[in-house]
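Everything on this sheet refers to the single structure shown next.
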Amino acid sequence: MSSQSEYSAEPIAKEQLLPWPRVAAVSAMVAFSLPTFISGLEVYQGLSVPDTLMAILIGSLLLTLIGATMGAIGAKTRMSSYLLVRIAFGDKGAGVVNIAFALSLIGWFGVNIDLFASAVSRLIEDSFAMSIPHWMIEVAAGICMVTTTIFGFKAINVIASIMVPILAIVTGVMYWAASSQLDFVDYWNVQKGVTLSLSDGVGAIVGGIIIGAIILPDITRFSRHWRGGAYTAFWSYMVVELIVLVVAGFAAAASGETEILSLMLGLGLGFAAFTIVIAGSWVLNSLNLYSTMLSVEATFPKVKGNLYICLFGLIGVIAAFFNILDFFITFLVFLSAIFIPVAGVIIVDFLVIKKHAYTVSNLSKNIQFSLPAFVAWLVGSGIAVFDNSSVIPSITSITALDAVIVTGLLYGILAKLFPKNVGSNL
């Protein structure tokens, strides 16, 4: 694979474009992955049932709005999220942001490898009375995911297109098994302790997917029309993800289990559990590695993509050896606070400040550093972190929404005041 074949430093060629449902299949696989089920379970455990459903609805809507806008921009420009960051933040400024994205994606790769190994080990032990060391599963999974990523987006797309209908059936089976133990009407009246606020619940849901929504242009750039980007976000976040989150919480209430694999096994979903764990993790981590390659190759184009994929795959597997699952919710909320502001900058920059700059002809004369973009990003991230810690009052009571509003408004003001610093002709 090369930068030319995956277009890490230039817009996608027209002959590479696909119908939007094929693009949406890749994003939907992320919603069907094990971390999404875990997020639904964790949020259900911390909130009352009405607040759980409200958090899911608000979180899915917020992700849809951000993802649809970013996805449409990616489809319109046919550029990856890292080229969009380059135009919004400047050539040198983009290096900082893109490396931050890459580090986060490698972290997610490690989280998902760790989740995958623990889940597969548990399932094998319960189903076949065998014990396999976690490190062996992590290495084997890493090799499979790296190999898929080396073949590029088309390989990821083929796997996703095949597995989405299967995982939809598996999710339906989970709901059916749970409904045999608890009526959905009775689910609304389940009484339990509350340990999270509504804002925490929304933050956890958004944090689990937000990087995917921000880097959605990496896949929607393959769509034939800008509407394909919006449709991809809607079906992924407002349909598939929402259903998965609701089913996960409902299944937890029906089974009385607080751990996702015990829940699946308790509902008799042995083979179905294997399908969710293996298929979802495979596509999700291949996509994480693919986007990591795009971000770093766009910043350091002299090294070929295959080398980056192998290197970061190795780093991700090593990272999986460290147990970070205990900090899962904290990790998700923190990501929500840090990365939503990037979307705020790009969205305002494209829609309001300098839409004319988002073309291939302008890449060669791009600005070096956008101070307004950086200031808005840092302030937005800081406000979101302190907002989440209740140090300052919240604007909307939803940390993620506060972050994008503050960042977008601040960047718009600074860009109007200092147009030369953002490369604008205003």
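Throughout, read-outs are computed from the coordinates displayed, never taken from laboratory work. What you see is a predicted model, and the numbers here were worked out from it, not measured in a lab. Counting neighbours? That spans all protein chains shown, and the Cβs are built from the backbone with ideal geometry, glycine included.
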message: At 222 nm, what value in deg cm²/dmol follows for the chain if DSSP H runs of at least 4 each add -39500 (n - 2.57) and the sum is divided by all its residues, to the nearest 500?
response: -23500 deg cm²/dmol
message: List the lysines whose Cα sits under 25 Å from the Cα of LYS355, skipping any in the same chain fewer than 8 residues away.
response: LYS14, LYS76, LYS92, LYS365, LYS416, LYS420
- request: At 7 Å along the Cα-to-beta-carbon direction for both SER262 and ILE143, put a label point, then send me their distance in nm to one decimal.
  value: 3.4
field: Three semi-axes of the equivalent ellipsoid, the chain, Cα gyration tensor, whole Å, largest first
entry: 34, 25, 18
statement: Between the residues LEU267, ILE132, SER161, the Cα farthest towards the positive end of the dipole of segment 3-327, that dipole coming from +1 and -1 charges on the beta-carbon of Lys, Arg, Asp and Glu, is from SER161
task: Using 0.36 nm per residue of separation minus the Cα-Cα distance, give me the extension gain between ILE99 and SER364 in nm, one decimal.
output: 93.3 nm
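How much length, in nm to one decimal, is gained on full extension between GLN181 and LEU378, taken as 0.36 nm per residue of separation minus their Cα-Cα distance? Provide the component values of the computation, followed by the final result.
Details: separation 197, 0.36 × 197 = 70.92 nm, distance 4.83 nm.
The GLN181-LEU378 span can extend by a further 66.1 nm.
Below 8 Å, C-alpha to C-alpha, sequence gap of six or more: please give me the relative contact order for the chain in percent. It would help to have the intermediate numbers written out before the result.
Numbers: 743 pairs, mean separation 140.6, N = 426.
It comes to 33 percent, rounded to a whole number.
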message: As an exercise, find the ratio Rg/Rh for segment 124-170 from alpha-carbon atoms, using the Kirkwood inverse-distance average for Rh.
response: 1.11
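Hey, any idea what Rg/Rh is for segment 71-177, computing Rh the Kirkwood way over Cα pairs?
Ratio value, two decimals: 1.08.
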message: Run the simple label-point estimate for PHE418 and ASP126 please: 7 Å along Cα→C-beta, distance reported in nm.
response: 5.5
statement: Treating only Lys and Arg (+1) and Asp and Glu (-1) as charged, each at its beta carbon, one finds that segment 3-327 has a dipole about its Cα centre, in Debye to the nearest 20, of 1300
query: Points 7 angstrom from Cα along the Cβ direction at ALA168 and PHE300: gap in nanometres?
result: 4.2
field: Segments 249-260, 217-228 sorted - mean Cβ within 10 Å per residue, highest first
entry: 217-228, 249-260
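What order, most packed first, do the peptides 87-96, 132-141 have when packing is the mean number of other Cβ atoms within 10 Å of each residue? Intermediate values should be presented prior to the final figure.
Values: 87-96: 22.0, 132-141: 15.8.
Put in order of decreasing packing, that is 87-96, 132-141.
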